[in-house]
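Report on the following structure.
The values are calculated or read from the model by the stated rules, or taken from the named source; none is laboratory data. These numbers come from a predicted model, not from an experiment. Heads up, the Cβs are rebuilt from the backbone with ideal geometry, glycines too, and the neighbour counts pull from every protein chain shown. To get the accessible areas, we keep the full protein, side chains included, count just its heavy atoms, and leave off ligands, DNA and RNA. Shrake-Rupley method; radii C 1.70, N 1.55, O 1.52, S 1.80 Å.
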Amino acid sequence: TIPLFPRVAEHNGSFWYDLTNADWQAVNITADGWQVMDNPPILFNRYRHQSAQVIPQPGGDIHKILEYINLKENHTLFLCWLVCCFIPGIPHVMSIFYGEKGAAKSTACQILKRTIDPSALGVLTLVRDPRTLVITLQQHWFLPFDNVSHISDEISDTLCRAITGGSIQQRKLFTNAEDCIFTFQRCLALNGINNVADRPDLLDRSILIELQRIPDEARRELTTILSEFEQDLPLILGGIFDTLSQAMAIFPTVKLDKLPRMADFARWGYAVGEALGGYGEKFLAEYTANRDSQNIEALQSDV
């Protein structure tokens, strides 16, 4: 049996990122640096909706993505989360983007999809049918759900399993007894006017990212923004891989006094924060404050 991987993978201590181009190239990231390889030693799943990624540019700048995401605060937490989306084999917290209308929440998710896991589909719709959701989860690495107004208990449970790697069991079509077992860990995001993840177990696996409204005098056409973003994407992607490579060198030395529930994300986030310029403690402070605000959200949503 030959395993197939969705977009990112780990092999012999290094990370791989599939560029999904016609040449079947992939990026190899190690603690010593990164490079684009023509013949990766592993196989990736490819689906019809997937788009080719640009070739990352060495000496890039991850901070350029902040020019396209209207963050109100938590810049370090956001950048650490973004880099962690390229790490395989760990539970990734779900980002919940919220803010008043005109904050470009859908545009932010579209840009993040293009950065992490490019697809012809762009942003996704959070369906109500768990079976359909499982198939969607299987075919994407990063899933940004757009304009979410409600999450049922059943869908919330499915998202929790998709974050932490729990198994999802479904009966095969046209059979009476046989079933399929789906086990995966995915990177998730959703956006809405308000925070719609009111279940404490889902909130515990999430971070809240508030976007600020764009003033009318600063508003620009979407085609212009996306065109400028495409020009900056090779630099942004190169900056992400530079940061991840440095974080891989730092990660073995990271020892945290207290570990939250998403312990793998916290430890990797600290390493990424240090790679960004010695911001490990700042990442922990923003993550802790974010979790405290989640408790307030859970209390406010409990009738």
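Calculate what fraction, in whole %, of the accessible area of the chain sits on carbon and sulfur atoms when a 1.4 Å probe is rolled over the protein chains. List each step's numbers first, then the result.
Details: 6940 of 14290 Å².
That share works out to 49 percent.
Taking only DSSP H segments of four or more residues, each worth -39500 (n - 2.57), what value at 222 nm results for the chain once the sum is divided by all its residues, to the nearest 500 deg cm²/dmol?
Values: 8 runs with 112 residues, N = 303.
Using -39500 (n - 2.57) per qualifying helix, the result is -12000 deg cm²/dmol.
At q = 0.19, 0.27, 0.28 Å⁻¹, what log₁₀ I(q)/I(0) does a Debye calculation on the Cα points of region 34-96 give, no solvent, two decimals?
Log10 I(q)/I(0), no solvent term: -1.10, -1.32, -1.32.
Where does the longest stretch of the chain lie that holds no chymotrypsin sites (Phe, Trp or Tyr not before Pro) found in a DSSP loop with 13 or fewer other Cβ atoms within 10 Å?
Numbers: sites that count: Y47, F174.
The answer is 175-303.
Can you sort H63, H150 by solvent-accessible area, 1.4 Å probe, largest first? Walk me through the numbers on the way to the answer.
Numbers: H63 85, H150 135 Å².
I get H150, H63, largest accessible area first.
Could you tell me, in Å, what Rg and Dmax come out for the Cα atoms of region 1-122?
15.5, 49
Do any GluC sites (Glu not before Pro) in region 65-106 lie in a DSSP loop with no more than 12 other beta carbon atoms within 10 Å, and if so, which?
Values: sites: E67, E73, E100; in loops: E73, E100.
Filter output for region 65-106: E100.
Mind grabbing the base-10 log of I(q)/I(0) for region 103-165 at q = 0.13, 0.22, 0.27 Å⁻¹? Debye formula, identical points on the C-alpha positions, no solvent, two decimal places.
Those come out to -0.35, -0.97, -1.27, one per q.
Work out how far the C-alpha atoms of region 1-65 reach from end to end along every principal axis, then list the three figures in whole Å, largest first.
Principal extents (largest minus smallest coordinate, Cα): 39, 29, 19 Å.
Could you check which residue among D61, D242, D216 shows the biggest mean-square fluctuation in a GNM of the chain with a 10 Å Cα cutoff?
Looking only at D61, D242, D216, the biggest GNM fluctuation is shown by D216.
Using only alpha carbon positions, build the gyration tensor of the chain, then give the equivalent ellipsoid semi-axes as the square roots of 5 times its eigenvalues, largest first, whole angstrom.
On the way: eigenvalues 134, 128, 90 Å².
Ellipsoid semi-axes (Å, largest first): 26, 25, 21.
Which values, in whole Å and largest first, are the semi-axes of the equivalent ellipsoid of region 205-303 obtained as the square root of 5 times each eigenvalue of the Cα gyration tensor? Can you show the working numbers first?
Details: eigenvalues 167, 125, 20 Å².
Rounded to whole Å, the semi-axes are 29, 25, 10.
Out of residues 5 or more away from A103 or on other chains, whose amide H comes under 5 Å of its own, with H placed 1.01 Å from N in the peptide plane?
I214
Could you tally up the Lys pairs in the chain with alpha carbons closer than 25 Å? Skip any pair fewer than 8 positions apart unless they're on separate chains.
Qualifying lysine pairs in the chain: 14.
Using C-alpha positions alone, give me the convex hull volume of region 57-175 per residue in cubic angstrom.
Numbers: hull volume 16.6 nm³, N = 119.
Hull volume normalised by residue count: 140 Å³.
How much accessible area per residue does the chain have, in Å², with a 1.4 Å probe? Don't skip to the answer; put the middle values down first.
Values: 14290 Å² over 303 residues.
Averaged over the residues of the chain, the accessible area is 47 Å².
At a probe radius of 1.4 Å, what is the per-residue accessible area of R219, in Å² to the nearest 10?
110
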